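Data first, discussion second: the structure below is written as structure tokens.
The values are calculated or read from the model by the stated rules, or taken from the named source; none is laboratory data. Please read all numbers here as calculations on a predicted model, not as lab measurements. For neighbour counting, all protein chains shown are included, and Cβ atoms are generated from backbone atoms with ideal geometry for every residue, glycine included.
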Amino acid sequence: MVTGELKRQIDAVWNDFWSGGISNPLEVMEQLTYLLFVKALDEQQTLAENKANRTGEPIPAEDDIFPEGQVFQPEGRAEGRPYRDLRWSRFKNLPPAEMFDILENYVFPFLQQRADESTHAKHMTGAKLTIPTPGLLQKAVDGLDAVEMQDRDTKGDVYEYMLSKIATAGQNGQFRTPRHIIELMVEMMAPQPDDVICDPASGTCGFLVGAGEYIRREHPNALTRPAAAKHFHNGMFSGYDFDNTMLRIGSMNMQLHGVQNPNISYRDSLAEDHADDAEAYSLILANPPFAGSLDYEGTAKGLLQVVRTKKTELLFLSLFLRLLKPGGRAAVIVPDGVLFGSTKAHKELRRILVEDQKLDGIVSLPAGMFKPYSGVSTAILLFTKTNSGGTGLVWFYDLQADGYSLDDKRDPLLGEDKLGALAGVSTDGEHKKNNLPDVLARWNDRNDVEQQRPPTEQSFCVPKADIAAADYDLSINRYKEIVYDEVEHLPPGEILNELSALENEISNGIDDLKAMLA
């Protein structure tokens, strides 16, 4: 957990960047990631030196990052510097101007030279120091050096707190999924030590980090077995993105959470056909960007064979079905239009999920969940790939509150111990502010008491036949029955949320109509 003092220290570093002229949050995060990586290299060298001192054996060449007595000379420079000068523990004590010179002209070229030596290091290709002045660099180095990050949990939490400060949407519809929603989806999927997990639009790798933390907590003995530990660090996690900044940030997030060599790679998942990835994964967790439409010519032909469309949200669902192995499962976030869109492509993809695969459940999310990035209404889609059907009863949950205000501020409505899917929410008043623990509890009962709930409740099950008869409409409002006596007493905030959701449905319907006429 990030304490108040740690938050204060991190906020101070962040504010130094802003006052120093770097106002783009992603650029701040990228520069901090570089510095943390350099600091981590020095820590690795120190560990190797301590081990060598204990054993009396020399440091193996592959572990000797900063070899003593040797000089690093970048290409194109007349003079080199001893490798020891490139170490965080050394340059942090130098005058600002000399520190700036070493980082700009020696450390960053050194990082690019190491680009083929680890998963994270390979994303250092093209890394540049954009901190404009020696004074700001000194503040950043001093600030990070003061933050205590000795253990894996603290390192991961500190980095997550830094990521929470990214308050602007990226290009192509990217925005960061709230950590508590990631936690809910991971808990619902309950990753296992033998899973092979993928996020084809990985961004900061929040879903992969969440899955790794779940396995550490729920299967602590798994990492003590050599084969399972090797799988965890080398084969379990794959993430793809086509934004190099996100790849650097995401791979650092994984590294600081203790995953040694995940497959975090550059890839435009929709535009490239990767036959070797077909049916390669047992679990997909994702919140892909929904940027609108793509050209047919730039889209992987294998995806268009499943459903011919330009809509990125439908293409990503087609991709998920392609990547999952039979028996594999998925929890993914989709815009509401996927659930009720009237185009041929929308209906066909929903038919495939219901008839050819096994649609397990849908969690309807309230409008405002992704503010300030986006006001679009969304849902969590949960399904299993079978290629032979299997849908029986589809479980629906009408999530109305996630523990935070649904305006642009997204302020917490409860104390920290009452937030998230694992919170100890015990009273009706707390439930009205945070539905997530209830979602998880009812999901785990979906094959039991949930099947007896009437459609007037917050969760209920719908037979496959009813969904087919409704032309495979998957919007919860199609099946939910409203007790009108309760509607009359809705507080103004909930009425506004209902109106906002209706407005989004109408807007999505207009978009679908335009697509049909295009």
Kindly indicate which of 470, 518 is at pLDDT 65 or above and not charged (D, E, K, R). 470
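Residues checked against (1) closer than 20 Å to residue 161 by Cβ; (2) more than 22 Å from the chain's Cα centre (by Cα); (3) modelled with pLDDT of 85 or more; (4) assigned to a helix (DSSP H, G or I):
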site	(1), (2), (3), (4)
2	yes, no, no, no
12	yes, yes, yes, yes
17	yes, yes, yes, yes
29	yes, no, yes, yes
32	yes, no, yes, yes
48	no, yes, yes, yes
53	no, yes, yes, yes
57	no, yes, yes, no
Kindly indicate whether residue 3 is β-branched (Val, Ile, Thr) and more than 21 Å from residue 127 (Cβ to Cβ). yes
Given the residues 406, 381, which is the only one that is surrounded by 15 or more Cβ atoms within 10 Å (Cβ to Cβ), touching a Pro at 6+ places or on another chain (Cβ under 7 Å) and in contact (Cβ under 8 Å) with a residue 24 or more places away in the chain? 406
Examine segment 64-85 for a residue that is among the β-branched types (Val, Ile, Thr), loosely packed, with under 13 Cβ neighbours inside 10 Å and in contact (Cβ under 8 Å) with a residue 12 or more places away in the chain, and state whether such a residue exists. yes
For the structure I just gave you, tell me whether residue 367 is touching a Leu at 6+ places or on another chain (Cβ under 9 Å) and part of a loop (DSSP other than H, G, I, E, B). yes
Show the residue pairs meeting these rules: Cβ distance below 8 Å; 6+ apart or different chains; first residue within segment 244-259 and over 13 Å from residue 163 (Cβ atoms); second residue surrounded by fewer than 24 Cβ atoms within 10 Å (Cβ to Cβ) and basic (Lys, Arg). 258/152; 258/216
Taking the options 285, 304, 247, 314, name whichever one is closer than 30 Å to residue 351 by Cβ, modelled with pLDDT of 85 or more and part of a helix (DSSP H, G or I). 314
Within segment 421-467, considering residues that are of a type in the set (Gly, Ala, Ser) and surrounded by fewer than 21 Cβ atoms within 10 Å (Cβ to Cβ), the one nearest to residue 178 (Cα to Cα): 423
Residues in segment 407-422 that are within 24 Å of residue 213 (Cβ to Cβ) and part of a loop (DSSP other than H, G, I, E, B): how many? 7
Segment 250-261, subset in contact with a His (Cβ under 7 Å, 6 or more places away or on another chain) and among the hydrophobic types (A, V, I, L, M, F, W, C), residue modelled with the highest pLDDT: 259
In the list 311, 347, which residue meets the criterion of being surrounded by fewer than 23 Cβ atoms within 10 Å (Cβ to Cβ) and either charged (D, E, K, R) or free of Cβ contacts under 8 Å to residues at least 60 places away in the same chain (or both)? 347
Segment 170-189, subset closer than 27 Å to residue 140 by Cα and charged (D, E, K, R), residue modelled with the lowest pLDDT: 176
Test residue 215 against the stated conditions and say whether it is buried (at least 24 other Cβ atoms within 10 Å of the Cβ) and in a helix (DSSP H, G or I). no
Has segment 394-414 got any residue that is modelled with pLDDT of 95 or more, within 30 Å of the chain's Cα centre (by Cα) and either among the β-branched types (Val, Ile, Thr) or more than 23 Å from residue 179 (Cα to Cα) (or both)? yes
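Here is a yes/no grid of residues against (1) modelled with pLDDT of 95 or more; (2) within 20 Å of residue 26 (Cβ to Cβ); (3) part of a helix (DSSP H, G or I):
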position: 126; (1), (2), (3): no, yes, no
position: 150; (1), (2), (3): no, no, no
position: 168; (1), (2), (3): no, yes, no
position: 191; (1), (2), (3): yes, no, no
position: 207; (1), (2), (3): yes, yes, yes
Residue ID - nearest to residue 49 (Cα to Cα), chosen from residues in segment 86-101 that are touching a Lys or Arg at 6+ places or on another chain (Cβ under 9 Å) and buried (at least 19 other Cβ atoms within 10 Å of the Cβ): 88
Return the pair list, or none, for Cβ contacts closer than 6 Å from residues in segment 131-142 that are buried (at least 20 other Cβ atoms within 10 Å of the Cβ) to residues that are among the polar types (S, T, N, Q) and not in a loop (DSSP other than H, G, I, E, B), at least 6 apart or on different chains. 131/31
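Let's see how each residue does on (1) modelled with pLDDT of 95 or more; (2) in a loop (DSSP other than H, G, I, E, B); (3) outside the structural domain of residue 183 (by TED's automatic domain parsing):
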| site | (1), (2), (3) |
| --- | --- |
| 425 | no, yes, no |
| 430 | no, no, no |
| 454 | yes, yes, no |
| 466 | yes, no, no |
| 474 | yes, yes, no |
| 482 | no, yes, no |
